[in-house]
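Asks: Next up is a structure, given as structure tokens.
The values are calculated or read from the model by the stated rules, or taken from the named source; none is laboratory data. Treat the numbers as computed from the prediction; the structure is a model and nothing was measured. Note that each Cβ is placed from the backbone with ideal geometry, even for glycine, and that neighbours are counted across all protein chains shown. Ligands, DNA and RNA are excluded from the accessible area calculation, which covers all protein heavy atoms including side chains. Shrake-Rupley method; radii C 1.70, N 1.55, O 1.52, S 1.80 Å.
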Amino acid sequence: MEENNKKKVVLSGIRSTGNLHLGNYYGALSKFLRMQDDFDCRFFIADLHALTTNPDPKQLHESVKNILAEYLAAGLDPEKNILYVQSDIPEISEMYLLLNMHVGIGELMRTASFKDKARKALGITSDSDEIEKEIIGNQTSNQRVNAGLLTYPTLMAVDILIHHADYVPVGKDQEQHLELTRRFARRFNSFYKTDYFGEPVNFNFGGEALKVPGLDGSGKMGKSEGNCIYLIDDEKTLRKKVMRAVTDEGPKTPNQLVSQPVENLFTLMDIVSGKDVTDHYRQAYADCSIRYGDMKKQLAEDILKVTLPIRERILDIRSNDEYLSKVVRNGAERARAYAADTLKDVREIMGIRKI
Ligand code: ADP
Ligand code: TRP
């Protein structure tokens, strides 16, 4: 325990909004796996964050179990890490209320993830002024653009700060949320003239944060984009998805510029198969001998090598309710001990004391 205390604290979570896909795996989970031996790691399932988009209650519950089974199947060890469900830690909700007193509505409304989600919910494609007008003036926005969605970054900051985390392994899309976390920590410290909170950073083993592309030719792989390859996909489904990946008619002249959909395939291949394999196909592209079908077959093979063993274990663990509940009960107990300490300090710093 003594030695454990000296290790840097790592904290990360994934929302329970379905099953884990390759974006989650390479952007987040694979980093968790590589960190679990060397750091004091705490990983959780962000079910309160999932509530911001109003999931069906039954589906939410299923998703929490799925993600937990997927964490374990991918190799997260409940002995080495604290694994817990966010809503099992009531201290998080209380601290979320307290931290919100130091968070500006303006900065929340300017957050990219909020603007994206609000735009999607309202069906608008234009700039933020329009969003504000729509949100304030439009009654139908009340359910779809709720206050939980707006204060999503406060809750995420609390997840992190309640553990005094040093490192927060996440994909590139979460970096703005981390920046806000650091800003809220600094603001809290400066308002209360304390150095209570540190400033957590992303962790990428010295590399860049990853963005795993989708196979539909544009953007990132993501649940709401509907372009995911899931860890739980069976062999046939997975092969089909990869073989259907968007490409183009192929290079016509040597060293032709690579189109976005094909660049995405190269990027995914880089991540899954490694640089040597990708270099081979990049060369074939450059001299116009590339056959996209071959490249896709290779990519599917290499993805399956990673996902199939995980899939087997998911199916096994997912049916073991007793084990799953034991893991999270134990995780909650350990996580709550840390959270309660921080909440007690924060209440005191803010002047909330027993009379
Ligand atoms: P989704 O975007 O599918 O809803 P989440 O937002 O729950 O997934 O993401 C959970 C974790 O997975 C975060 O750390 C996030 O940065 C990472 N992640 C999700 N999609 C990608 C992606 N396409 N590339 C890299 N990381 C990703
Ligand atoms: N916002 C993260 C996502 O969508 C999930 C998350 C919630 C998280 N709280 C966190 C990630 C704390 C890291 C640390 O992926």
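Asks: Determine if the stretch 220-227 includes at least one residue that is away from ligand 2 (no atom under 15 Å from the Cβ), farther than 30 Å from N100 by Cα and more than 19 Å from the chain's Cα centre (by Cα).
Replies: First pass over the stretch 220-227, keeping only residues away from ligand 2 (no atom under 15 Å from the Cβ): 226-227.
Then keep just the ones that are farther than 30 Å from N100 by Cα; that gives 226-227.
Still in the list and also more than 19 Å from the chain's Cα centre (by Cα): none.
Checked against the condition, which is being away from ligand 2 (no atom under 15 Å from the Cβ), farther than 30 Å from N100 by Cα and more than 19 Å from the chain's Cα centre (by Cα), the stretch 220-227 yields no hits at all.
Asks: Part of a loop (DSSP other than H, G, I, E, B), modelled with pLDDT of 95 or more, touching a Pro at 6+ places or on another chain (Cβ under 6 Å) and closer than 27 Å to A209 by Cα: does that describe V258?
Replies: Values: part of a loop (DSSP other than H, G, I, E, B): yes; modelled with pLDDT of 95 or more: yes; touching a Pro at 6+ places or on another chain (Cβ under 6 Å): no; closer than 27 Å to A209 by Cα: yes.
Criteria not met by V258.
Asks: Considering only residues that are small (G, A, S), in contact (Cβ under 8 Å) with a residue 12 or more places away in the chain and open to solvent by 20 Å² or more (accessible area, probe 1.4 Å), look in the stretch 126-182 and name the one that is farthest from ligand 1 (Cβ to nearest atom).
Replies: Out of the qualifying residues, it is S128.
Asks: Going through the stretch 183-193 one residue at a time, which ones are open to solvent by less than 40 Å² (accessible area, probe 1.4 Å) and more than 19 Å from G13 (Cβ to Cβ)? Give the derivation first.
Replies: First, pick out the residues of the stretch 183-193 that are open to solvent by less than 40 Å² (accessible area, probe 1.4 Å): 184-185, 188-189.
Correct list: F188, N189.
Asks: From the list D129, D116, exactly one residue is modelled with pLDDT under 95, more than 25 Å from I89 (Cα to Cα) and within 12 Å of ligand 2 (Cβ to nearest atom). Which is it?
Replies: Working: D129 fails: within 12 Å of ligand 2 (Cβ to nearest atom).
Checking each option against the conditions leaves just D116.
Asks: If you check every pair at least six apart or on different chains, which have Cβ atoms under 9 Å apart with a residue in the stretch 89-100 that is closer than 16 Å to T181 by Cα first and a residue that is assigned to a loop (DSSP other than H, G, I, E, B) second?
Replies: I92/I162; M95/I162; Y96/T151; L98/I352; N100/T151
Asks: Within the stretch 209-219, can you find the residues that are more than 14 Å from ligand 2 (Cβ to nearest atom) and touching a residue at least 12 places away in the same chain (Cβ under 8 Å)?
Replies: Narrowing the stretch 209-219 to residues more than 14 Å from ligand 2 (Cβ to nearest atom): 213-219.
Residues satisfying the conditions are P213, G214, L215, D216, G217, S218.
Asks: Looking only at the stretch 202-241, count every residue that is open to solvent by 60 Å² or more (accessible area, probe 1.4 Å), under 21 Å from L33 (Cβ atoms) and more than 10 Å from ligand 1 (Cβ to nearest atom) and tell me the total.
Replies: Going through the stretch 202-241 one residue at a time, the tally reaches 3.
Asks: Taking the stretch 107-125 on its own, how many of its residues are open to solvent by 50 Å² or more (accessible area, probe 1.4 Å) and either of a type in the set (S, T, Y) or closer than 30 Å to D341 by Cβ (or both)?
Replies: 1
Asks: Determine the pairs where a residue that is closer than 9 Å to A50 by Cα, located within the stretch 12-26, has a partner that is among the basic types (K, R) and within 6 Å of ligand 1 (Cβ to nearest atom) with Cβ atoms under 7 Å apart, the partner being 6 or more residues away or on another chain.
Replies: T17/K223
Asks: State the number of residues belonging to the stretch 133-176 that are modelled with pLDDT of 95 or more, within 24 Å of G219 (Cβ to Cβ) and of a type in the set (D, E, K, R).
Replies: 1
Asks: Out of I290, I303, report the one residue that is β-branched (V, I, T), crowded, with 16+ Cβ neighbours inside 10 Å and under 24 Å from G171 (Cα atoms). Write out each step before concluding.
Replies: Details: I290 fails: under 24 Å from G171 (Cα atoms).
Only one candidate qualifies: I303.
Per-residue answers, yes or no, for (1) within 16 Å of ligand 2 (Cβ to nearest atom); (2) of a type in the set (G, A, S):
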residue: Q139; (1), (2): no, no
residue: G148; (1), (2): yes, yes
residue: E175; (1), (2): yes, no
residue: F184; (1), (2): yes, no
residue: F191; (1), (2): no, no
residue: D195; (1), (2): no, no
residue: F203; (1), (2): yes, no
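Asks: Ok, one more. Taking the options K58, K65, K80, K6, name whichever one is more than 13 Å from ligand 1 (Cβ to nearest atom), at pLDDT below 95 and not aliphatic (A, V, I, L, M).
Replies: Checking each option against the conditions leaves just K6.
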